[in-house]
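Data block below; observations after.
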Amino acid sequence: MLRSTWDEVCARVRREEDPFFHDPWLDRLTFVTSDDDTVVLATPNRLYVEWIQENLEPRLQTHIHAVTERRVDIEYRLEAIVRAENGSNGAGSFSGDYADPAQDTAFRLNPRQSFESFVVGNGNQFAMAACQNVAENPAVNYNPLFLFGGVGLGKTHLLNAIGNVIKDRNPRARVVFLSAEEFTTELINSLRFKRMEEFREKYRRRCDALLVDDIQFLGGKERTQEEFFHTFNALHGARKQIVVTADRYPKDIDGLEERLRSRFDWGLVADIQPPDTETKVAILRKKSDEEGIELPAEVAFFIARHAGNNIRELEGTLTRLLAMSSFHAAPVTLEFAKKCLEGYLQVQQATASVETIMGGVAKFFNVKLADLRGPRRTKQLVTPRQIAMFLIRKHTSLSLPEIGKRFGGRDHTTVIHAVKKVGREVGRDAAYRNKLHLVARTLGLPTD
Ligand code: ADP
Ligand code: MG
């Protein structure tokens, strides 16, 4: 297939299909290469690939067949990787000509949080590739870079790693690294003490790379968002790199202005998914190596299987174990690990399974996790929410008020109502019962 054939396919899809079906997905699929029976397309990230394979691909195949009269396989590549392979070197004005230590907050970067010390697995390899690309070619390919992922999955680590590489490669580059909360505080103080000129000088003019952590903090803070918006525009216009992190997707940040949200979509949004067991094991072994302690594989697997997904907690578990072993002068055997971590891991596991159930139910019913937890009470949300509450009640040790709290601070009577309602429906409606069993099965929960 030629590039022009691909363009023809796209034109056909646009002409014949409801925009709801291809928008905005098709626009972000770009032709890379093709031979007789395969076409390779670049996509922004793995979420796209999953969505496209499930939703767009079957009909895309039909259109390809209509245009080419043949069956071709579609292969997806990540844009970051395609670009890296093409060795792009754009023309960012990334000079760092006027190094000014007073404006530079790079000294706050944690040198231990580097790409070298970051363990790569399925869940984070895309984010890692995007970050490396940005660190090596600031303001060239992805500007801004928006990193998002759950708590303790490595966002701050990667932000540090970017800053460290930029500084290493160009010691004169002015790297401004701070949390959205610090940005807010500094803005308030500057307003109060009439130092806005200095503030703007620092963030808009004397900055080669702006790294802002936990941007969800700006939700609902209009004045800070306004200032950040202008800062963003000034830097982006001057081709300076901007990287922000958040614990959720831009559109899930409540109280984030539309204009800022759409700015975040200009560049690349890269997600970090929770680590699988193998990645957790690799992280544990790396950390114990750094401590100069040998961690038997069976102990690493035991911790990885029983700990939740938060890597900070995973490290905490390991630290606890190593501390206990040195305190008791006992070798780190599986038996010893079980003895000292049992109760501790149970608590973590309960937390993890609540998240798993909520996430799984949301996915099953095709609703957003934020909506499942949120205040809206549309019919579409009520049943999934009740089922999630029911499953959490049944399969975790959380109390009714605790469950209510996980659902946006609902009252425990709401939870009681949900649990009863589901019980009733299961008793009288076979289709409902089947659905509940199906949800439970996809979550790996027992269905009796
Ligand atoms: P977040 O900012 O997403 O909440 P952090 O970046 O603070 O998470 O990561 C939590 C801890 O886990 C840090 O100590 C970090 O160094 C470590 N960590 C996270 N991901 C990895 C990884 N892939 N490899 C090694 N350490 C990691
Ligand atoms: Mg963080």
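The values are calculated or read from the model by the stated rules, or taken from the named source; none is laboratory data. Everything numeric here is computed off the predicted structure, so don't read it as measured data. Here the Cβ is made from the backbone with ideal geometry for all residues, glycine too, and neighbour counts use every protein chain on show. We work out accessible area using only protein heavy atoms, side chains counted, and drop any ligands, DNA or RNA first. Shrake-Rupley method; radii C 1.70, N 1.55, O 1.52, S 1.80 Å.
Listing for the model above:
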{"quantity": "Residue check for residue 158: under 28 Å from residue 123 (Cβ atoms) and either open to solvent by 10 Å² or more (accessible area, probe 1.4 Å) or within 16 Å of ligand 1 (Cβ to nearest atom) (or both)", "calculated": "yes"}
{"quantity": "Region 144-155 - residue that is at pLDDT 95 or above and within 10 Å of residue 244 (Cα to Cα) and, of those, nearest to ligand 2 (Cβ to nearest atom)", "calculated": "155"}
{"quantity": "Neighbours by Cβ (under 8 Å, 6+ apart or cross-chain): first from region 372-386, surrounded by 10 or more Cβ atoms within 10 Å (Cβ to Cβ); second charged (D, E, K, R) and outside any loop (DSSP other than H, G, I, E, B)", "calculated": "372/385; 373/406; 381/371; 386/421"}
{"quantity": "Boolean, residue 244 is within 16 Å of ligand 2 (Cβ to nearest atom) and at pLDDT 90 or above", "calculated": "yes"}
{"quantity": "Region 106-133 residues that are outside any loop (DSSP other than H, G, I, E, B), paired with ones that are small (Gly, Ala, Ser) and within 16 Å of ligand 2 (Cβ to nearest atom) (beta carbon under 8 Å, 6 or more apart)", "calculated": "106/163; 126/270; 127/149; 127/154; 127/270; 130/270; 131/161; 131/270"}
{"quantity": "Qualifying residue in region 223-240 (condition: open to solvent by 60 Å² or more (accessible area, probe 1.4 Å), of a type outside the set (Asp, Glu) and within 16 Å of ligand 2 (Cβ to nearest atom))", "calculated": "no"}
{"quantity": "Residue list for region 214-259, restricted to those being in contact with a Ser or Thr (Cβ under 6 Å, 6 or more places away or on another chain) and among the acidic types (Asp, Glu)", "calculated": "214"}
{"quantity": "Helices (runs of 4 or more DSSP H) wholly inside region 242-323 containing at least 2 residues that are within 16 Å of ligand 1 (Cβ to nearest atom) and farther than 16 Å from residue 153 by Cβ", "calculated": "277-290, 297-306"}
{"quantity": "Any chance residue 139 is buried (at least 21 other Cβ atoms within 10 Å of the Cβ), away from ligand 2 (no atom under 11 Å from the Cβ) and within 20 Å of residue 238 (Cα to Cα)", "calculated": "yes"}
